[in-house]
Structures are given as structure tokens and as C-alpha cells.
Amino acid sequence: RVIDGDTLVYRIEDISQTARLLGINTPEKKMPYYQEANDFLRQIENKTVEVLRDKEDEDKYGRKLRYVFYENELLNAEILQEGLATSFMLESLKYKDKFRDAEDYAKNRGIGLWEKSMERCAKCIGLVELNYSAEFFIINNNCNFDCDLNGWIIKDDANHFFKLEKLDAGEERTYDSKIKVWNDEGDRFFMRDEEGKLVVFYEYKGVKIL
């Protein structure tokens, strides 16, 4: 039984387990592409699947962390290739290369979550700086007209969201995280318009603290 695009319930010998699909993040409820991700995963409802764990068995919510195979296809990777998820916490995973290849396929073709925004202001709004250690980022409007960004969001690799608002012509604005958001060891920055189309994507690798 599918709960959402990256969470399901499976049963083995009449014992039910909730599983979180490894290596991916699908959109949250009420966000663009949420329903499409759900519908994609629903193809396996009431079907027999194969589940495989990696090094960690459960997450902090008690959900099993699993790879899910259906008819010998790794669905975690398939949903990435369809552009209905983005990769998440890959470094220690057995199938990380397969996941990267699947995501690159969608990214290079502008599929789903990687489709570029055609909004007029998409060419105006840019990322000036992302300071992950001091927990702030700066965006600007480099056009000579105002941009109403209501409905636009910025998010990290996980699910921390920043809502945007009007940015006047030539204006530069700083957003403080207020809580720990940006991972020092590496993270990603997504800016999306109100339809979920991609405006800015930025990825960085930080310094690992030993």
C-alpha cells in the first residue's frame, strides 16, 4: 500500500512494515508533482515486490529503509529517472551510481522536477551567495522590472522550505535560515516557481569534519 511517492507499507508473513525508499525525496503533499510521484508508485499496490535493506535498517521514525524491486526493476531509481524525485543522502548507498545515472537522465532532459521554468522572471532571479556555515543565502533580481515571487519556493536537499515574495527591480535580499538547514558536508539549492518548475539549481561539496 502506497502512502506517498517515497513511502509504502509492505507485508511479509502477515507482518506489516512501513518502508521509506532509500536514496530519494519526492515532493511533499500539496506540492507540484506530489500526485504524479504517488501515481507512479501505485503501480505496485497489491503486487509482489522484493525489498532489500542497506547498512541502516530504520530511520528515526521507525520506518524501514529499503530498496524496492518490482519485476527486477529498482523503483527507487525508476522514479528518479522519471523526474518525480530527487536523490538524497547517496554517499553510503550500494546503488548510488545507479541513482546518479537515473537522476542525470532526467536532469539532462529537463524531465519532471528538472523542467526549466518559462516564467518571465525566471531569467531575472539569481543566487548571489549561499553561505552554509553562517546559514544564509542571498538572491537578487537583475532585471529592470519588479518580480512577484509569491508561490515560489527555495528548498535544500532535504525538505526545508523558504517562501519567496516580491523582489523589486535590482533588489538584493538576504534570507537567514534561523535553524540549521544547509549541510556543511554538501547540499543542494533548488528554487522553483509556483508550478514547481526549476529556476535555479546549485550544488556544493563542503568540508567533512573528522
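Take the residues in region 122-137 that are open to solvent by less than 20 Å² (accessible area, probe 1.4 Å) and over 20 Å from the mean Cα position of the chain (by Cα), then tell me which one is nearest to N25 (Cα to Cα).
I125
Filter region 54-94 for residues that are under 11 Å from G23 (Cα atoms), of a type in the set (S, T, Y) and part of a strand (DSSP E or B) and give the result.
Within region 54-94, Y67, T86, S87 meet the criteria.
Which of (1) in contact with a Ser or Thr (Cβ under 7 Å, 6 or more places away or on another chain); (2) assigned to a loop (DSSP other than H, G, I, E, B); (3) not charged (D, E, K, R) is the odd one out, the single condition G151 does not satisfy?
(1) is the only condition that G151 fails.
Hey, does region 148-163 have a residue that's among the small types (G, A, S), within 18 Å of the chain's Cα centre (by Cα) and buried (at least 18 other Cβ atoms within 10 Å of the Cβ)?
Scanning region 148-163, I find no residue that is among the small types (G, A, S), within 18 Å of the chain's Cα centre (by Cα) and buried (at least 18 other Cβ atoms within 10 Å of the Cβ), so the answer is no.
Condition first: aliphatic (A, V, I, L, M), at pLDDT 95 or above and in a loop (DSSP other than H, G, I, E, B). Now tell me which residues in region 12-47 satisfy that.
Passing the criteria: only L22.
Within region 164-207, which residues are within 23 Å of R109 (Cβ to Cβ), assigned to a strand (DSSP E or B) and either open to solvent by less than 30 Å² (accessible area, probe 1.4 Å) or among the aliphatic types (A, V, I, L, M) (or both)?
Passing the criteria: R188, F189, F190, M191, R192, L198, V199, V200.
What's the total number of residues in region 66-91 that are out of contact with any helix residue (DSSP H, G or I) (no Cβ under 7 Å at 6 or more places or on another chain), more than 18 Å from D101 (Cβ to Cβ) and surrounded by fewer than 18 Cβ atoms within 10 Å (Cβ to Cβ)?
Summing the residues that are out of contact with any helix residue (DSSP H, G or I) (no Cβ under 7 Å at 6 or more places or on another chain), more than 18 Å from D101 (Cβ to Cβ) and surrounded by fewer than 18 Cβ atoms within 10 Å (Cβ to Cβ) in region 66-91 gives 1.
Which ones in region 155-184 are of a type in the set (S, T, N, Q) and closer than 21 Å to C124 by Cβ?
T174
So how many residues does region 22-49 have that are open to solvent by less than 60 Å² (accessible area, probe 1.4 Å) and on the phi > 0 side of the Ramachandran plot?
Result for region 22-49: 2.
Which residue, of K178, K163, is out of contact with any Lys or Arg (no Cβ under 6 Å at 6 or more places or on another chain) and closer than 23 Å to A37 by Cα?
The unique qualifying residue is K163.
The values are calculated or read from the model by the stated rules, or taken from the named source; none is laboratory data. All values derive from a computational prediction rather than experimental measurement. A quick note on method: Cβ atoms are made from the backbone with ideal geometry, for glycine too, and the neighbour counts reach across all protein chains shown. Protein only, heavy atoms only, side chains kept; ligands, DNA and RNA dropped before computing areas. Shrake-Rupley method; radii C 1.70, N 1.55, O 1.52, S 1.80 Å.
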